[in-house]
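Here's the structure we're looking at; comments come further down.
The values are calculated or read from the model by the stated rules, or taken from the named source; none is laboratory data. Please read all numbers here as calculations on a predicted model, not as lab measurements. As a convention, Cβ positions derive from the backbone with ideal geometry for all residues, glycine included, and neighbour counts pool all protein chains shown. These accessible areas exclude ligands, DNA and RNA; they are computed on the full protein's heavy atoms, side chains included. Shrake-Rupley method; radii C 1.70, N 1.55, O 1.52, S 1.80 Å.
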Amino acid sequence: MSIYGLTLRSLWNRKTTVILTLVSIALSVTLLLGVEHIRREAKASFANTISGTDLIVGARSGSVQLLMYSVFHIGNATNNIGWSSYQDIAQSPQVAWTIPLSLGDSHRGYRVLGTNQDFFRYFHYGKKQALLFDTGKPFEGVYEAVLGAEVAEKLGYKVGDQIVIAHGGGKVSFAMHDDKPFSVVGILKPTGTPVDRTVHVGLKGIEAIHIGWKETGRSTVSADEAMEYDLQPKLITAALVGLKSKIGVFTMQRQVNEYRKEPLLAILPGVALQELWGLMGTAEYALLAVSGFVVVTGLLGMLTVIWSGLNERRREMAILRSVGARPYQIMGLLMVESGLLVSLGAGLGVVLLLLVLLVARPLILSVTGIQIGLDFLTLEDLYILLVIFLAGCLMGLVPAAKAYRLSVADGMTVRV
């Protein structure tokens, strides 16, 4: 019988201990690969949120803060920027297009974004992918809305339905603009970005629902009466800017940052993202380190099982030696055993991770908005699995060295 056959028979005779060892290794591998995969997917999801935008302009604050509330709709702006300042930027000879953004309202926990039709024309995500409509069209009227894919799916809306916008960005609001409902005229296709979780309305619609609001806490102007007002916005939250030439991006950034009428900040989305990952880098590496220690713990558990099992297998080793097995063959037997345990445990861990991702993907998407892919076996992951396999084989050297030194007489001696 070959050494592999002997290894399989020996493992089968200790199947309970072997199964527990495999589960320990599989769980540790699942955790390590899962953390690494989610880290990569989170980065990719954030990086794919916006594409083709050269500058983001907002009130002077931190670059990460401006990025978070303008692009990811997380947090709130410290201040707004004037409409006249926005127009000055939009009319600059270097600027090809701009998208005004107005935030501050919500609908059943989803952010409401006030903008104009340029948003659907110029906003890109991923690899310069344009926004596409699943049904309907862009808004044109004052009280018309376009829904992101998740908003429509989760809340069960379709084109033609009426929605009511709430004052403020919280999930629960008691200040409703229910006197001015919006009609859903379009639903966007899924993008895997915050666009899916956003209600898009016109800037005029944002102005209309807030006429008289600051004075009374509730609008005293009807929807029809509001149409007679000047609905040009006075303030917006931020703006996305595309330039005619990428060469002039730093010049334009400096001009905005030195704008005299009010304090403004212009940031490069890519640079701000790198700054964001720099802030989160310590937490990322700490989590990976913890996952790595879990894998080491699993391998040490395997070593403990094989080592403690040597005393029970002394007679087995002695019989193999007595029938002609060489010391190096006994050593090879234990090396193959440890390598087989690590391989099976790692393979089980990969399968377990796949099952976990299949179940958890919808939950992660709904809670965090991060689209998690299933293509987790990258070249980097294969390197990690190779290192785990080699580490497991090296662990097997310790009990193998002990078995190498055992004599036939030692195995045949009955110890009380």
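Computed with every protein chain present, the accessible area of Lys158 is close to 130 Å² [probe 1.4 Å]. In the full protein context, the range 28-130 carries 37 Å² of accessible surface per residue, based on a 1.4 Å probe and ignoring ligands, DNA and RNA. For the peptides 88-94, 136-142, 181-187, the ranking by packing is 181-187, 136-142, 88-94, with the highest mean count of neighbouring Cβ atoms within 10 Å listed first. When peptides 221-229, 61-69 are sorted by average Cβ neighbour count within 10 Å, with the highest value leading, the order is 61-69, 221-229. Pairs exceeding 24 Å between alpha-carbon atoms, taken from Lys128/Lys154; Lys137/Lys244; Lys137/Lys204: Lys128/Lys154; Lys137/Lys244.
Here's the picture: charge each Lys and Arg Cβ at +1 and each Asp and Glu Cβ at -1 in the range 78-128, and of His124, Leu113, Val95 the one pushed furthest to the positive end of that dipole is His124.
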